[in-house]
Amino acid sequence: MTSRRPGEGRYAHLEREQRWLLKELPLGVTNERVIVDHYWTDTSLRLRMIQEGDEVVYKLGQKVRRDWNDPELVMITNIYLGEREFHALSVTPASIVAKSRWSSTSNGVHYAIDEFKGRHSGLVLAEVELREDEPRKSGPELAIAEVTNAEQYSGGWLATASAAELSEFIHH
C-alpha cells in the first residue's frame, strides 16, 4: 500500500490565491454567495456551507500548505456532502467565520470579494485564483495592501483570533 499524507493523492489539487485588504466593499459587486465556514479545532479541516439564492452546497475540505510558512500555495481536497451529513458533522468543535462573497471586476480582472460578518465585520478582502506559473496581479482599485502572505488574513487564523487580535487588523 502506498503511504499518503494530507494534501497528497489524486483528489488533492493545487490552489494558489492572491489576496488584498480593501478599505470597503466596492460599488457594483454582484452574485452574492453567503458562506459559513466551520474551522475544526486543531485540524486542517473546514466544513463549509455556501448559499446562493435558493441553492445550498455543503462540503468538507482540507487545506494543506505546500510550505508551512507560505499561505499562497495550498493543496486542497473537497468532499461534497448532503444536508444531513453537513448537520451531523457541524457539531464537531469549531470556530466559525461567516461572510458574503461577491463577484467584482477591476481593471479587467475578476475578483472574489469577501465581506466578513459577525465578529469579523468590517473586514473586506479581495482574492484572485492564479495558476502556479502565472505572475501576480496588481490588485483591485480599493486595495489598501496585498496580504497574500500575511498569516493574519488566512481563514484559519481569522477563525481562532481573539477580539484583541482582530481589532489590530479590522478597522471599523
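Worth a mention:
- From the options L60, L123, residue that is aliphatic (A, V, I, L, M) and over 22 Å from A163 (Cα atoms): L60
- Matching residues in the stretch 108-123 - criterion: being buried (at least 17 other Cβ atoms within 10 Å of the Cβ) and over 20 Å from S95 (Cβ atoms): Y111, A112, I113
- Boolean, S138 is open to solvent by 70 Å² or more (accessible area, probe 1.4 Å) and in a helix (DSSP H, G or I): no
- Residues of the stretch 1-44 satisfying the condition of being open to solvent by 70 Å² or more (accessible area, probe 1.4 Å), under 19 Å from L81 (Cα atoms) and not in a loop (DSSP other than H, G, I, E, B): H13
- When each of Q51, Q62 is tested for being buried (at least 16 other Cβ atoms within 10 Å of the Cβ), assigned to a strand (DSSP E or B) and out of contact with any helix residue (DSSP H, G or I) (no Cβ under 7 Å at 6 or more places or on another chain), the lone residue that passes is Q62.
- Sole residue being among the charged types (D, E, K, R) and over 17 Å from the mean Cα position of the chain (by Cα), chosen from R136, R65, R48: R136
- Any hit, the stretch 141-163, residues being without any contact (Cβ under 8 Å) to a residue 60 or more places away in the chain and either assigned to a strand (DSSP E or B) or surrounded by fewer than 12 Cβ atoms within 10 Å (Cβ to Cβ) (or both): yes
- Qualifying residue in the stretch 89-107 (condition: of a type in the set (K, R) and either open to solvent by 40 Å² or more (accessible area, probe 1.4 Å) or touching a Ser or Thr at 6+ places or on another chain (Cβ under 7 Å) (or both)): no
- Residue tally, condition part of a strand (DSSP E or B) and polar (S, T, N, Q), over the stretch 65-103: 5
- Scanning the stretch 74-105 for residues that are within 23 Å of N31 (Cβ to Cβ) and without any contact (Cβ under 8 Å) to a residue 12 or more places away in the chain yields one hit, T105.
- Scanning the stretch 124-135 for residues that are assigned to a strand (DSSP E or B) and exposed (fewer than 15 other Cβ atoms within 10 Å of the Cβ) yields one hit, E129.
The values are calculated or read from the model by the stated rules, or taken from the named source; none is laboratory data. Since the model is a prediction, treat every value here as computed from it, not as a measurement. FYI the Cβ positions are ideal-geometry reconstructions off the backbone, even for glycines, and counts take in every protein chain you see. Surface areas here come from the heavy atoms of the whole protein model, side chains and all, with no ligands, DNA or RNA. Shrake-Rupley method; radii C 1.70, N 1.55, O 1.52, S 1.80 Å.
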